[in-house]
Each structure stands twice: as C-alpha cells, then as structure tokens.
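Here's the structure, in structure tokens; my notes come after.
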Amino acid sequence: MIARLWHGRTRAALADEYYTFLQQTGIPDYESTAGNHGVWVLRSIEDETAHFLLITLWESVESIKRFAGDNYRKARYYPEDKDYLLEFEENASHYEVLRAPGP
C-alpha cells in the first residue's frame, strides 16, 4: 500500500469554503478511483493561514496513476484552486505503508 500526501495553504477566512470545495471535487475523485483505499483530510489554522494535508491510501502506483496521470508524483489541481490556494506545490509525497491499523 502507498500513502500519497498533498499539502495546500489557503487564507484562514476561506478554510471552511475550501473544505466544501474539496468535498465536491478532490475527495469524490479520489474515492471513485479504482485502487483508492481511503481519504483523510487534516486541517491546521495558524494565524491567517489554513493548512490542508490530504492523505490518501492506494493499492499501487498504477492506481495512483489512474488518479494523477502517468507523472503520478505531480500534484493534481482543479481550475478553481486558483481562487483558494496561496501557492501550488509541484509534487505530492509518496510513502510505502509498512503498518496500518486494522486487520
């Protein structure tokens, strides 16, 4: 199993609106991709900035490619992200999952 981590920053005033946007776009896209085994959305608000960390679990690199394309390390964005994000990190991070909770 592979964990894909993506980090984004928005203004704190837009944090709830951006989460709603994620629920309408990225989260359903992750969940509907064959080989996805879950989506976690974490948020931390520090002063005027909201940090979002999305952790998704995948059965293989091939399943990540179904979501992100052949260059699976590259972060995937939506056109509306320009209305929210303060920057566009080029890549997502990937980690081999050695241990996870559950059976």
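Only the coordinates and a few stated rules stand behind these numbers; no lab work does. All of these numbers come straight from a predicted model, not from anything done at the bench. Because the Cβ atoms are built from the backbone with ideal geometry, glycine has one as well, and the counts that use them run over all protein chains shown.
Numbers at a glance
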| item | result |
| --- | --- |
| Test: residue in the range 29-49 that is more than 18 Å from residue 98 (Cβ to Cβ), in contact (Cβ under 8 Å) with a residue 40 or more places away in the chain, assigned to a strand (DSSP E or B) and out of contact with any Gly (no Cβ under 9 Å at 6 or more places or on another chain) | yes |
| Residue in the range 86-103 that is surrounded by the fewest Cβ atoms within 10 Å (Cβ to Cβ), counting only those that are over 13 Å from the mean Cα position of the chain (by Cα) and not in a loop (DSSP other than H, G, I, E, B) | 96 |
| Candidate set from the range 64-85 (those that are touching a residue at least 24 places away in the same chain (Cβ under 8 Å) and among the acidic types (Asp, Glu)); member that is surrounded by the fewest Cβ atoms within 10 Å (Cβ to Cβ) | 80 |
| Selection within the range 1-28 - of a type outside the set (A, V, I, L, M, F, W, C) and either touching a Gly at 6+ places or on another chain (Cβ under 9 Å) or without any contact (Cβ under 8 Å) to a residue 12 or more places away in the chain (or both) | 16, 18, 20, 23, 24, 28 |
